[in-house]
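**Student:** Would you mind keeping the following structure in view while I ask a few things?
Nothing in this text is a laboratory measurement; each read-out follows from the coordinates by a stated rule. It should be emphasised that the depicted structure is a prediction, and the values quoted were computed from it without experimental measurement. Cβ coordinates were reconstructed from backbone atoms using ideal geometry, including for glycine residues, and neighbour counts include every protein chain displayed.
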Amino acid sequence: MTDWLGPEEWQAVALSLKVAFWATVLSLPFGILTAYALARWRFPGRALLNGLVHLPLILPPVVTGYLLLLTFGRRGPVGAFLEQTFGLVLAFRWTGAALAAAVMAFPLMVRAIRLSIEAVDPKLEQAAATLGASKLWVFVTITLPLILPGVLAGAVLAFAKAMGEFGATITFVSNIPGETRTLPSAIYAFLQVPGGEASVWRLVIVSVVIALGALAASEVLARRVQARVRGENAGRPDA
Amino acid sequence: MRGDRMLEIALRHRFAEFSLDVAFEAPQGVTALFGRSGAGKTTVVDAVAGLMRPDEGRVVVDGRVLQDAAARIWLPPHKRRVGYVFQEGRLFPHLTVRGNLEYGLRFNAGAGPSVDEVADLLGIASLLERRPSRLSGGEKQRVAIGRALMARPAMLLMDEPLAALDGPRKAEILPYLARLRDETKVPILYVSHALDEVAQLATTLVLIEEGGVRACGPVAEVLSDPALVPQLGVRGAGAVLSATVVAHDPDGLTELACAGGRLFVPALAEPVGQRLRLRIEAQDVMIALDRPEGISALNILSGVVTALRQGDGPGAVVQIAVGEELLLARITRRSARALNLAAGVPVHTVIKTVSVAPGDIGAVHGGA
């Protein structure tokens, strides 16, 4: 693989994998919490939260990137706070690319997890409560195992989306080789230089393979969540 | 243990369409909530479990207050230690039968039966490694009962646990429930709209009607009250007698001893000496003033009329004291008039042997 891809191309693929991995892993707990809140809780700001979560799906990515820059840039309110308190800089760093990717992938992740939570019969959770399980235990021992395939499907989708994120990333963290030049940014950069087509094609093939693999994996996992949840209600012994 | 006031329940709640106002007390044993669907039975059980929160309520189980609106006490479901057997099982699909049975152990310390003991009691030992999706309806329900038992409950709630099952499956589970009633000290609140189940299992019968308590008392008393026949259903009405198996005769009959004399019923599997309760439907009982001779019916019990209730239709219901127990007979008003039936009249009751079906007979174990 390293022979087939040139060093610059390989660098972009490796960076994208790193960015997508951290974007997915770090946003997953928030994704589960948000999905659970939207699926199960009735609270005043529910519609607002729902809109906010889906916003990156509808906004032009460049707008999302710009808003991220305003908020998380070194002079932005959150960005300045993070730098002073934790020494964490996001703007023009790969960490910022991970944040942009996470924000852009969040709606997909929440949607997949939310659907799987809605497929779980709340009566099972009630049954667990009567057997002595507190709300947290009910979630850990009943809800989470039942939605696990859905959570994994959401994570896979989010990972694939994060791999391909371009507009918000380039606006927020630019296109710095080795730091923020992810796979799509690299494709864009190679398109700008004469003779870059060969590199572009190789990266395009890598992108397509990753995207298709992720879609297939999430489809299989989604089917498993259905089977798991249906297990009980099938009624027939050999269902 | 306060045998006479094991359960104290008082609930009041206004729904959009009807209001619930229920209060009763019950001793040790099975307390059956009986009534039409929509009468509010499940709401009562859900409130006892803490799954629904009534406007006002007080629930005390064996001296332990689960909720008391006046005292601002409300225990969440997971702290109530009620084992709830739902109508539709609600087994956890991702766990094996063993996993389901052991689920409550994690949260409830204390002595109690082991998985193997419960599995043996309920006849599910061979299913332990299976998933719920590979169980039959009757098996699922037994696992659900076992799961509730394993959680070391201070009380069992059963919401029509047999409603989803056919006759043979019901017959398979009822004996387990009777053993549970007689061999554990755990009080059971049992919702049903099947009189045969109630007659076999219940110690106390609470008749729920339109969100209120219409009658409450020992099952034999409520079932033999002629005034309640319309609520219980004219077809299903019938009193409950206690009896003991005396002999199994070679011609396919089993001889029982009850307070009023000997009864013959189609052969039973229960051993000699086994105590039973026996439901005799009012429509299967005939009344004669003189002891009938030359009649095919084998069962003739002598007694005294204690009450007579005439409805608007052609029927009348007669309550007869047989020994220390009460029987109900449904006859026509015309016959009642012809025989001059009134309280105090000595009569003979004739019960057709084949009319006592296996579904009307329940076992009683131990000293209960």
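**Student:** B:ASN340 to B:GLN87: FRET efficiency via 1/(1 + (r/R0)^6), r the Cβ-Cβ distance, R0 51 Å, to the nearest 0.05?
**Tutor:** Plugging the Cβ-Cβ distance into 1/(1 + (r/R0)^6) gives 0.60.
**Student:** Between A:ARG75 and B:SER37, what is the FRET efficiency for a Förster distance of 60 Å, r being their Cβ-Cβ separation, to the nearest 0.05?
**Tutor:** Efficiency at R0 = 60 Å is approximately 0.35.
**Student:** At R0 = 35 Å, how high is the FRET efficiency between B:ALA247 and B:ALA163 if r is their beta carbon distance? Nearest 0.05 is fine.
**Tutor:** It comes to 0.45.
**Student:** Could you pull the Rg and Dmax for segment B:1-140, using just the Cα atoms, both in Å?
**Tutor:** In order Rg, Dmax, the Cα atoms of segment B:1-140 give 17.4, 49 Å.
**Student:** For segment A:173-234, what mean projected area does the convex hull of the alpha carbons give, in nm²?
**Tutor:** Over all viewing directions, segment A:173-234 projects a mean Cα-hull area of 6.0 nm².
**Student:** For B:ALA71 paired with A:ARG223, estimate the spin-label separation in nm (one decimal), with each label point 7 Å from Cα along the Cα-to-Cβ line.
**Tutor:** The answer from the label model is 5.7 nm.
**Student:** When the chain is fully extended, how far beyond the present Cα-Cα distance does B:SER126 get from B:ALA111, taking 0.36 nm per residue of separation?
**Tutor:** 3.0 nm
**Student:** Follow-up. Could you put B:LYS170, B:LYS41 in order, starting from the residue whose Cβ has the fewest other Cβ atoms within 10 Å?
**Tutor:** B:LYS170, B:LYS41
**Student:** Here is a follow-up. Report, in order of residue number, the helices in chain B meeting two criteria: a C-alpha extent of 15 Å or more along the helix axis, and a mean Kyte-Doolittle hydropathy of at least -1.0; treat each whole DSSP H run as one helix.
**Tutor:** Sorted by number, the helices that extend far enough and score high enough are B:137-150, B:167-183.
**Student:** When the helices in the protein assembly as shown are scored as -39500 (n - 2.57) per DSSP H run of 4 or longer and the sum is shared across all residues, what 222 nm value do you end up with, to the nearest 500 deg cm²/dmol?
**Tutor:** -13500 deg cm²/dmol
**Student:** OK, next. Assuming a viscosity of 0.890 mPa s and a temperature of 25 °C, what translational diffusion coefficient in µm² per second does Stokes-Einstein assign to segment B:238-364, Rh being the Kirkwood radius over Cα pairs?
**Tutor:** 165
**Student:** How much of the calculated P(r) for chain B lies past 31 Å, in percent of all Cα pairs?
**Tutor:** 40
**Student:** Quick one: if you stick a label point 7 Å off each Cα along the C-beta vector at A:VAL208 and B:MET52, how many nm between them?
**Tutor:** 5.8
**Student:** Return the whole-Å distance between the Cα centroid of segment B:151-167 and the Cα centroid of segment A:53-69.
**Tutor:** Using only Cα atoms, the two centres lie 53 Å from each other.
**Student:** Calculate the mean, over all residues of peptide B:82-94, of how many other protein chain Cβ atoms lie within 10 angstrom of the residue's Cβ.
**Tutor:** Mean shielding count: 6.
**Student:** Expressed as a rounded percentage, what relative contact order does segment B:3-223 have, with Cα pairs under 8 Å and six or more residues apart?
**Tutor:** Rounded, it is 30 percent for segment B:3-223.
**Student:** Over the protein assembly as shown, what portion of Cα pair distances is larger than 30 Å, expressed as a whole percent?
**Tutor:** 64
**Student:** Check cross-link reach from A:LYS135 to the lysines: straight Cα distance under 20 Å, and skip same-chain residues fewer than eight apart.
**Tutor:** A:LYS123, B:LYS79
**Student:** Roughly speaking, what is the centre-to-centre gap between segment B:33-109 and segment B:289-324 when only Cα atoms are used, to the nearest Å?
**Tutor:** Using only Cα atoms to place each centre, the spacing works out to 43 Å.
**Student:** I need to check one value: relative contact order of segment A:101-239, counting alpha carbon pairs closer than 8 Å and at least 6 residues apart, in percent.
**Tutor:** 32
**Student:** Quick check: convex hull of the Cα atoms in segment A:4-58, volume per residue, rounded to a whole Å³?
**Tutor:** Cα-based convex hull of segment A:4-58, divided per residue, equals 99 Å³.
**Student:** Still on this structure: Taking only Cα atoms, what is the 0 to 90° angle, nearest 10, from helix A:61-72's long axis to the longest principal axis of chain A?
**Tutor:** 90
**Student:** Taking the Kirkwood radius as the inverse of the mean 1/r across Cα pairs, report the Rg/Rh of segment A:32-118.
**Tutor:** My calculation of the ratio gives 1.04.
**Student:** Tell me, in nm to one decimal, what length is gained between B:ARG64 and B:LYS79 on full extension, where the rule is 0.36 nm per residue of separation less the Cα-Cα distance?
**Tutor:** Working it through step by step, the gained length comes to 4.2 nm.
**Student:** Cut-off is 10 Å between beta-carbons; in what order do A:VAL151, B:VAL222 appear when sorted fewest neighbours first?
**Tutor:** Placing the least packed residue first, the sequence is A:VAL151, B:VAL222.
**Student:** Something else now. On average, how many beta carbons from a partner chain sit within 10 Å of the beta carbon of a residue in A:119-129?
**Tutor:** Counting Cβ atoms of other protein chains within 10 Å of each residue's Cβ and averaging gives 5.
**Student:** Taking just the alpha-carbon atoms of segment B:252-291, what radius of gyration and Dmax come out, in angstrom?
**Tutor:** Both quantities, over Cα of segment B:252-291: 12.0, 35 Å.
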